[in-house]
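The values are calculated or read from the model by the stated rules, or taken from the named source; none is laboratory data. Since this is a predicted model, take the numbers as computed values, not measurements. Reconstructed Cβ throughout: ideal geometry from the backbone, glycine too, with neighbour counts over all protein chains shown.
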Amino acid sequence: MKTKFSAAPPDAVALGVHRRTFLGRTIAGVGSLALHSLMHPRLWAGASQPAPGWPGVVNPRHVASRCKRVIFLYQAGGPSHLETFDPKPRLGEMHGKPMPESFTKGQQIAQLQGKALKCFGPQFSFRRFGKAGIEITDRFPLIGGVADDLCVIRSMFTEQINHDPAHTFMNTGAIVAGRPSMGSWLLYGLGTETQDLPGFVVLVSQGKGGQMQPIAARQWSAGFLPGRFQGVKLNSTGDPVLHLRTPEGLGTAGQEESIAAISALNRIRHDRVGDPEILTRIAQYEMAFRMQASVPELVDMRNEPQSVLDSYGARPGDGSFASNCLLARRLAERGVRFIQLYHRDWDHHQAVKSNIDLKAAEVDRPTAALIHDLKQRGMLDDTLVVWGGEFGRTPMSQDGDGRDHHIKGFSIVMAGGGIRGGMAYGATDELGYAAVENPVSVHDFHATMLHVLGVDHERLSVKFQGLDAKLTGVEGAKVIKGILA
Amino acid sequence: MVICLVLGLPNAREGVAAAPHFNRDIRPILSENCFACHGPDEKKRKGKLRLDQRDVAVAKEAIVPGHPEKSELVARLDASDPDELMPPPESHKKLTAAQKKLLRQWIAAGASYEGHWAYTPVARPTVPVVAGASAPIRNPIDAFVQDRLSREGVAPAAEADRASLIRRLHLDLHGLPPTPREVDSFVGDRAADAYERRVDQLLASPRFAERQAVFWLDAVRYADTTGFHGDQMLSLWPYRDYVVEAFHENLPFDQFTREQIAGDLIPGGGRRQKVASAFNRLNRMTTEGGAQDKEYLAKYAADRVRTVSMAWMGSTLGCAECHDHKFDPFSQRDFYSMEAFFADIEEKGFYPSGFSRGEWGPRMALPSPEQAAALERFDADLKKLRDEAAAIESSTLAKGQAEWESRMSELDRAKGAGWTNVVPRAATSANGATLTVAAGGEISAGGMNPDNDTYTVIFRPGPGRWTALQLRTDTEEDYAGNRIARGWRSYVLTGVEVEAGSASGRATQVEIVEAIPTARGQSDRYPAWAVIDKDPKTGWAMEHDHSGSHRLVLRFARPVETDGESEITVRLRHDSEKRRATIAKFRLQLTQVEGATSDNDALPPKVLAALRAPAETRSDPQKQILAEHYRQPAPELARFRAEEARLSGERALLNGQVPAVLVTKAVAPRMVRVLARGNWMDESGPIVQPAVPARFSAASPARENLTRLDLADWIVSADNPLTARVFVNRLWKQFFGTGLSKVLEDVGSQGEWPSHPELLDWLAAEFMQPGPVSPKDPGARAPHPWDIKHVVRTIVTSHTYRQDSSGTAARRPAGGGLTLLERDPENRLLARQNPSRLDAEIVRDNALAIAGLLRERVGGPSVFPWQPEGYWAPLNYPKREYSASRGEDLYRRSLYTHWQRTFVHPTMLAFDASTREECQVNRAISTTPLQSLVLLNDPIFVEAARAFAQNILAEGGGELDGRLQWAFRRAVARPPLPEELKVLRDLHAAQLARFTASPRQAGEFLRVGEAPLPERPDPPQLAAMTVVARAILNLHETITRP
């Protein structure tokens, strides 16, 4: 869409504005941000150099990196690793027998509190996929088809056994609410490559049946970072971004003229009082107006060939996981830094077999299609794709056919973006209970994610409550060197 | 050069000849770079060296006073061996050359230490005398500020122009803009005390309390939902009203503190103190399946320590949950000892009936005296009625019972018992929904989704003698956000009407006397009685868990006899205040059973079994079961049943209206242990008793078994160095945009040395124990200790507060050199005022006030302003949709907005409102494109623009320019400049032309919102003016306090 703003040099304005904004902001706002974090040299690199949007504080990057963005396919509820990525034939042999106490003694338990703990064998067979022969459930034949691009981490563990705090921990690296989410950290650290879209976008998939885990806006909150770094949720019904639509009857011309008048009045005020915040405000109106055109264009899939839609199993407008996977690719193409896509139906306390069958049908095709599609477009090298949830499931049965929450061992899959494909990393014990070989903490996972994006997790920090707050916490974390490409 | 400026002036004094000042210059360097390994945390301490204590540092020769060259500390800063270098390379910390120089100078001058400023007792400093002040010194604040300015060689700004000044004052004290009349009356009032009188007026208004409350509600994390997982509703709003009332009455802050932390323990405490004690129940809570009591009790307890220490004392004691504090003198034991004060609070970690029954621990009903009396009357009447009914022995009903048994047995043999599905001939919606009838008679609502609706179902039941109708509702998978209803959480069925008649004959109204729901359909707020109580607004709903299917049996006063041609019409009314609380999917059933229940066979299985047993073989219990059940259809008891249904229904409705609040109830304290690394499963740590942090124990009673009241007393004791400083520092932030010490959440070692330490201490002293009233200010009333309004009044009447903010700081001095903005970008010298963006609530309140839409009423249950559909879709347990309030509640002040912790109202969130999950004392202020989208397109603001435009046309005179000037002035308290007026005029002309050419579009544009339109609107005129009004509401100046 041609607007009267396209004639102006938005880049230069934006950078100049942002630089000054940050100076002005320290008066009233950022507050908790340490001054040193505001003083990154890049912020002082002359306003004449055009750079898009927020340049990020990690600029240049701490570590050489090709990866530019993340697509996190977040499987909320806690997918069973035992029916997806972690084959445990021994658990099958033990099916129905008491779970050996040596595994469970003194360990946390959720809904199985006070119940007899019995082994529950894997409900699906596993097949070897790809040249590397990675074992994956036979319910994921298409994901298996891209196995040589996948790194399956089978030795994840986490600290929180209930959904809400486990989501908070997986997303923010903290259990206490109010910390920035990983997307916010990345946006703050690396800045944005798009002037027309938010740099951190969240998609929540609609689906049939099941329990639909509740999730909280905390999971994409900027926490103590300024609000500009928070995730923006794209909705599949109503306005894709809240209040994106020009009011009925006003029309594009009315909107454009209104914004022009608002900006003109703001400029007059600025000329008089010299408050740099006013320039920031003007730039945000311009970006809002651009978003009013760019977001509908983004979500309009009419120009996607039918073959592409079919490969994902996407029916535009249905808000499904499949459509969102395709949307994730479109967001990646447009320079969005962090794309988080929620599937919310993995909490299989009952009927783990039939439920995973259903869920596999929803995620297998689009997940594989996304990886394949990115690869075909040459984007897999600079896009990190992650598939996983907040925890795993017990090797013990719940009520005979389900599995309870489990934190001692679970699987996460990574692909592209500087991660070595065609490998499995780490292992749980023979019953799939605890990560025993190369255990990977949530902080390690975050550290590795930041690393492939060129960020040293120790150096991406902001002063908060007296501490150098980091995504990876205070206890220390390590980059998983063994899975780097 | 620039970098020094950004660092702020306190650190930018390099080259100043005076010796470095420990607290100002040295402590920040040591704290940031050294204390983590050489500070208070014993476990992390390296080489037994601590640099936070001079004697240790000297004994270890890290510091040799007077001899930087002999001091190991200095040597290590420049060590070439990475193993020797400090701070170690892996810490990524590095000292600047200037910082190293400061350390050397300080050691050379003797390396004197000072106690941390915030931990030393507050002593009232002497007010400096400023010679030759160039601006008024109205009170000690000005003396402290100008004393510093004169030393810096900077002149204070002049007083702001009177219109800006009064707009600033209204926005700061009330969070609302002055009306043009209020501006005029102030600008025209040349009396010497005009300003002070206005301040006093504003402080006396409840609006001041409403504004002030928001800061406190952020700190104590007040919200309307639990915040974990299903984020269910809580009833806490009476606490919010307590806070408003406390600020309005200017409750001394020490009393305010005691009532919140220990209101339940205050001897002689009444209802207000108990409501205040809800403070201890504001933490997030969970009912997530599988949550362990112990784990969550630990989470709640830690949350309380974080909140109390930060909200009152600006301390990060919360950081000592897993280990000793790294920077401040707090041990891990201090953390758990603080926690132990709260161990007497009756609570659960996991609330098993939170979701299903809304039970979240101790609560207190708050009936008005009238309500209490009415409830007592109901109880007495019900008891009397039940006694009378019970006096009629079942034996006296034997004849009727025998006939009933024989009729029911016959019906059962003829397969006529149970519930008969109705197959509708027609099912229609009054307001445009589509009702689809499935083959089995099930009816689904779809299509248009009106706020209120009446479903009409017509059917021919065939021959029969019907005694009751049953409504069965079911889930509807297709409604993503909701299942049993098309909106909100549940449907609200406000009335059921049944008409019966033959196809040819006249229809007669069927009287319904009893409405009996299944268990989950029973609640006081939405009792089934409300379906038949003739009040169109009351209704039946599932208050808590509404998943799955629900049934409602509606018993007729008399059986309805039908033949093959008879038609029955059933109307289901949904006329409640809740929007779209309409049934999603339902079926209707009839029965001929007398005394029918919602069981599948219309009788409870054991009744049916007894009935089916031949009379001669019935056991005694079976006989008793039948006799007992017969009391339901017995005609002799009909009067009692109808009366009981009415009385208990009305009692429920009344009781459902009685406010309630979660409160603190003290029980025997739980044992509290130090948890190693914060691990709640570790039971090896020592048991601790309630105690204040050891560093401050001198100020605490030396008794055993300290209580929350002792804690509160200590917090507000004159010996507590933190509380008063922290509170006045935050008040300062409200009026200047930055605290005197900038880090509001941490005045500890990692916090900031205040820009004006003496001023901060003077304010803290004045807060705790005010000095005599200045003879220069005869209007001032005598303040009391801990007097919040007194401190606010002192601040806003100072010249420092009244200074100009409009741009002089950006002007370059005549002789060249730095502008003030360049020299002091953060305004830490206070040589001017700062413009600042309005807080989230005020952005909306300001727009509503300008538009004339604001409806002010202090207190009450939280309200639901417009919110986009589907925003709550990610929620579950229960699934729910937002139901916007009706009428005036759409336009209440934003502090009364329902606060959903996991999904805060998006209009508020866009402008950086707190989610209230954790204590927050310093909201970030960001500027984002989403804010622009809200101001441009959110129906809240579009409706405000339309209402504003209506007022502009009605009150702005007859001429366009006059109207535009009126409008502009209404928003920002100043007339537009000629060039501004031209922009508005041009915008108006373009819009008027477009809307005149397309009046249909004008009509569409004006349709937003529910505020009434004028009686005879001129759509193009009004639409064009709405565009102009909207532009004005969007101005940076409009949402900025000058």
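Let's see how each residue does on (1) at negative phi; (2) part of a helix (DSSP H, G or I):
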| residue | (1), (2) |
| --- | --- |
| A:SER354 | yes, yes |
| A:LEU358 | yes, yes |
| A:PRO366 | yes, yes |
| A:ASP373 | yes, yes |
| A:GLY378 | no, no |
| A:LEU384 | yes, no |
| A:ARG393 | yes, no |
| A:SER397 | yes, no |
| A:ASP404 | yes, no |
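Being within 11 Å of chain B (Cβ to nearest Cβ), closer than 24 Å to B:PHE1005 by Cα and within 23 Å of the chain's Cα centre (by Cα) holds for only one residue in A:VAL232, A:VAL295, and it is A:VAL295.
Annotation note: of B:ARG974, B:ARG946, the sole residue that is in a loop (DSSP other than H, G, I, E, B), within 14 Å of another protein chain (Cβ to nearest Cβ) and in contact with a helix residue (DSSP H, G or I) (Cβ under 7 Å, 6 or more places away or on another chain) is B:ARG974. When B:THR738, B:THR707 are checked against the criterion of being over 26 Å from B:GLN332 (Cβ atoms) and of a type in the set (Val, Ile, Thr), B:THR738 stands alone in meeting it. Taking the conditions (1) of a type outside the set (A, V, I, L, M); (2) assigned by TED's automatic domain parsing to the domain that holds B:ASP474; (3) surrounded by fewer than 15 Cβ atoms within 10 Å (Cβ to Cβ) in turn, B:SER429 satisfies each one other than (3). Here the condition is being touching a residue at least 24 places away in the same chain (Cβ under 8 Å) and facing chain A (nearest Cβ under 9 Å); of B:GLU1010, B:GLU1037, B:GLU1004, it holds for B:GLU1037 alone.
Looking across B:ASP412, B:ASP381, B:ASP451, one residue alone is surrounded by 13 or more Cβ atoms within 10 Å (Cβ to Cβ) and either touching a strand residue (DSSP E or B) at 6+ places or on another chain (Cβ under 7 Å) or assigned by TED's automatic domain parsing to the domain that holds B:GLU594 (or both). It is B:ASP451.
With respect to the conditions (1) of a type in the set (Gly, Ala, Ser); (2) more than 30 Å from B:LEU722 (Cα to Cα); (3) over 21 Å from the mean Cα position of the chain (by Cα), B:SER235 lacks only one, and its number is (3). Among helices (runs of 4 or more DSSP H) lying entirely in segment B:792-911, which contain 1 or more residues that are of a type in the set (Asp, Glu)? Output list reads B:820-823, B:840-851. Of the residues examined, B:VAL560 is not one that is part of a strand (DSSP E or B), more than 24 Å from B:ARG407 (Cα to Cα) and in contact (Cβ under 8 Å) with a residue 12 or more places away in the chain. Consider B:ALA311 carefully, then state whether it is surrounded by 23 or more Cβ atoms within 10 Å (Cβ to Cβ), within 23 Å of B:ALA219 (Cα to Cα), within 14 Å of another protein chain (Cβ to nearest Cβ) and touching a residue at least 24 places away in the same chain (Cβ under 8 Å). So B:ALA311 passes the test. Among the residues of segment A:190-229, those that are within 15 Å of A:HIS343 (Cβ to Cβ), of a type in the set (Gly, Ala, Ser) and either surrounded by fewer than 24 Cβ atoms within 10 Å (Cβ to Cβ) or within 7 Å of chain B (Cβ to nearest Cβ) (or both) comprise A:GLY207, A:GLY209, A:GLY210.
The residues in segment B:434-443 that are touching a residue at least 40 places away in the same chain (Cβ under 8 Å) and surrounded by fewer than 18 Cβ atoms within 10 Å (Cβ to Cβ) can be counted, and the count is 2.
Quick check, is B:PHE968 assigned to a helix (DSSP H, G or I) and within 37 Å of the chain's Cα centre (by Cα)? So B:PHE968 passes the test. Of all residues in segment B:971-1023, those being among the aliphatic types (A, V, I, L, M) and buried (at least 19 other Cβ atoms within 10 Å of the Cβ) number 12.
Scan segment B:723-757 for residues that are closer than 23 Å to B:ASP25 by Cα and among the small types (Gly, Ala, Ser) and jot them down. Scanning segment B:723-757 gives B:GLY739, B:SER741, B:GLY748, B:SER749, B:GLY751, B:SER755. A:HIS243 satisfies every condition listed in (1) more than 7 Å from every other protein chain (Cβ to nearest Cβ); (2) closer than 28 Å to A:PHE289 by Cβ except (1).
Could you say whether any residue in segment B:267-278 is crowded, with 24+ Cβ neighbours inside 10 Å and either over 22 Å from the mean Cα position of the chain (by Cα) or within 14 Å of chain A (Cβ to nearest Cβ) (or both)? Looking for residues that are crowded, with 24+ Cβ neighbours inside 10 Å and either over 22 Å from the mean Cα position of the chain (by Cα) or within 14 Å of chain A (Cβ to nearest Cβ) (or both), one finds none in segment B:267-278, hence no. Applying the criterion of at least 1 residues that are surrounded by fewer than 17 Cβ atoms within 10 Å (Cβ to Cβ) and among the β-branched types (Val, Ile, Thr) to the helices (runs of 4 or more DSSP H) found wholly in segment B:28-115 leaves B:54-59. Take B:ILE952 and decide whether it is touching a residue at least 40 places away in the same chain (Cβ under 8 Å), aliphatic (A, V, I, L, M) and more than 9 Å from chain A (Cβ to nearest Cβ). Taking the combined requirement at face value, the residue satisfies it. Taking segment B:347-417 as the region of interest, the helices (runs of 4 or more DSSP H) fully inside it that hold 3 or more residues being touching a residue at least 60 places away in the same chain (Cβ under 8 Å) and within 30 Å of B:ALA276 (Cβ to Cβ) are B:354-357, B:369-391. Within segment A:232-251, none of the residues are touching a residue at least 12 places away in the same chain (Cβ under 8 Å) and part of a helix (DSSP H, G or I). Condition first: free of Cβ contacts under 8 Å to residues at least 40 places away in the same chain, more than 7 Å from every other protein chain (Cβ to nearest Cβ), under 29 Å from A:ASP347 (Cβ atoms) and charged (D, E, K, R). Can you find one or more residues in segment A:253-271 that meet it? Within segment A:253-271 (the criterion being free of Cβ contacts under 8 Å to residues at least 40 places away in the same chain, more than 7 Å from every other protein chain (Cβ to nearest Cβ), under 29 Å from A:ASP347 (Cβ atoms) and charged (D, E, K, R)), the answer is no, since none of the residues qualifies.
Within segment A:81-109, the residues that satisfy the criterion of being within 32 Å of the chain's Cα centre (by Cα), charged (D, E, K, R) and either surrounded by fewer than 19 Cβ atoms within 10 Å (Cβ to Cβ) or under 11 Å from A:TYR433 (Cβ atoms) (or both) are A:ASP86, A:LYS88.
Might you let me know whether segment A:256-270 holds any residue that is at pLDDT below 95, of a type in the set (Gly, Ala, Ser), in contact with a helix residue (DSSP H, G or I) (Cβ under 7 Å, 6 or more places away or on another chain) and surrounded by fewer than 24 Cβ atoms within 10 Å (Cβ to Cβ)? No; the residues of segment A:256-270 include none that is at pLDDT below 95, of a type in the set (Gly, Ala, Ser), in contact with a helix residue (DSSP H, G or I) (Cβ under 7 Å, 6 or more places away or on another chain) and surrounded by fewer than 24 Cβ atoms within 10 Å (Cβ to Cβ).
From A:PRO395, A:PRO439, which residue is surrounded by fewer than 21 Cβ atoms within 10 Å (Cβ to Cβ) and more than 14 Å from chain B (Cβ to nearest Cβ)?
Sole residue among the options that is surrounded by fewer than 21 Cβ atoms within 10 Å (Cβ to Cβ) and more than 14 Å from chain B (Cβ to nearest Cβ): A:PRO439.
B:PHE968 falls short of the stated requirement of being without any contact (Cβ under 8 Å) to a residue 40 or more places away in the chain, buried (at least 16 other Cβ atoms within 10 Å of the Cβ) and at the interface with chain A (Cβ under 10 Å from one of its Cβ atoms). Across segment B:194-217, what is the total count of residues that are assigned to a helix (DSSP H, G or I) and among the polar types (S, T, N, Q)? Matching residues across segment B:194-217 total 2.
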